[in-house]
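The values are calculated or read from the model by the stated rules, or taken from the named source; none is laboratory data. All of these numbers come straight from a predicted model, not from anything done at the bench. Here Cβ is always computed from backbone atoms with ideal geometry, including for glycine, and neighbour counts include all displayed protein chains. Quick note on the areas: whole protein, heavy atoms, side chains included, nothing else; ligands and nucleic acids left out. Shrake-Rupley method; radii C 1.70, N 1.55, O 1.52, S 1.80 Å.
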Amino acid sequence: MSKHNGLQLLLKWIVFRCKFLLAVTSGSILFVILSLLSHVDARPSVYGAGLCLFVTLIWSIYDFIKFTHKSSQLARMLHYSQTALEPLPDPFDFIEEQYQQLIMELYHDLTAKISEEEKIKSDREDYYTLWVHQIKTPISALRLLLHSDDLQKNAFAMEQELFKIEQYAEMVLQYLRLESLSCDLLLQEYSLYTLVKQAVKKYAGAFISRGLSLNLAEFGFFVITDEKWLCFVLEQLLSNSVKYTFKGGVNICMDPESDRTLLITDTGIGIREEDLPRVFDRGFTGYNGRMDRVSTGIGLYLCKRVTDRLGITLHISSKCNKGTQYRIYFPPTPGALQK
């Protein structure tokens, strides 16, 4: 420590302890003055005041050394800006101890938020990497169809590949919007049957290309929800049904045992029983998803997050090689209205 820095620290310490030093010094002087004014022997008072000042001097030297050590330690921590907070210097008093506790709590909150942001960033990068590889497949298929001799004959197949590209683009946009979903909601009353028809119409070409049947029962049921996000959920569930159903078809109706539950049932390959508890986990594809090779494990994860935000319940039941059933329950509040 240089002479200049030492002088600065001494001045800072004097300012830090000025109230205490002033109190001790003024008290000692006042004690001597009162003895003189009382016309008594002042020697004991002077001796006592001198002893008090001497003890204060010894304590001041010790306190200044502690002050210097603590100041150096804090300056070193500030200079290196370490990611891990070193143990703080011993507090001088109870108030400083409380300040240190506050600092540690804020530090732990900050590190938790940083870890959460790093995880979100890592998940996003993983998804983008997977998404890029996923979208390459329909792009490559579309390029091959464009170079074929009979474009007229391949027009429908080209439309289907273009539809897949649009779906992948929509998926990544919804993935980004999900982080601010609460600000993106517009709750209004809608006919659930109309919303289902919109989703079905979007996948009409996929049903035709796979030769699947569709049975949509008409029902009069109205819900208070966000049109865009509920349609997103319905489209994702239909996408899964179409993707993993190779014969038979999809049946959509209201549950006869529960007038607030929409049923989407397919005759696809189903989900293994041991995979069912994890179908809503981010990135989980399950056995059948891994067999598909292009499954990202994002669709149902997004559906679960959206339905939780909308206040509705999504439940999946399935048996291998016997199909899958999606149950969407609309609670009374914000609710569903029967008309």
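Points worth noting:
- Output for the range 201-213, where each listed residue is in contact with a strand residue (DSSP E or B) (Cβ under 6 Å, 6 or more places away or on another chain) and crowded, with 17+ Cβ neighbours inside 10 Å: 207, 212
- Pairs meeting the criteria (first residue in the range 311-323 and under 10 Å from residue 276 (Cβ atoms) and in contact (Cβ under 8 Å) with a residue 24 or more places away in the chain, second residue of a type in the set (S, T, N, Q) and open to solvent by less than 20 Å² (accessible area, probe 1.4 Å), beta carbons under 7 Å, at least 6 apart or on different chains) are 316/324; 318/324.
- For the range 155-273, the helices (runs of 4 or more DSSP H) that sit wholly inside it and include 2 or more residues that are in contact with a Lys or Arg (Cβ under 9 Å, 6 or more places away or on another chain) and at pLDDT below 85 are 155-177.
- Search result, residues across the range 220-271 that are over 13 Å from residue 193 (Cβ atoms) and small (Gly, Ala, Ser): 239, 241, 248, 249, 258, 268, 270
- Leading residue by the ranking (surrounded by the most Cβ atoms within 10 Å (Cβ to Cβ)) among those in the range 122-163 that are among the polar types (S, T, N, Q) and more than 38 Å from the chain's Cα centre (by Cα): 154
- Filtering the range 1-60 to residues that are in contact (Cβ under 8 Å) with a residue 24 or more places away in the chain, outside any helix (DSSP H, G or I) and open to solvent by 60 Å² or more (accessible area, probe 1.4 Å) leaves only 1.
Here is a yes/no grid of residues against (1) among the charged types (D, E, K, R); (2) under 26 Å from the mean Cα position of the chain (by Cα); (3) open to solvent by 10 Å² or more (accessible area, probe 1.4 Å):
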site	(1), (2), (3)
225	no, yes, no
233	no, yes, no
236	no, yes, yes
241	no, no, no
244	no, no, yes
255	yes, no, yes
260	yes, no, yes
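- Residue within the range 81-94 that is of a type in the set (Val, Ile, Thr), out of contact with any Ser or Thr (no Cβ under 8 Å at 6 or more places or on another chain) and part of a helix (DSSP H, G or I) present: no
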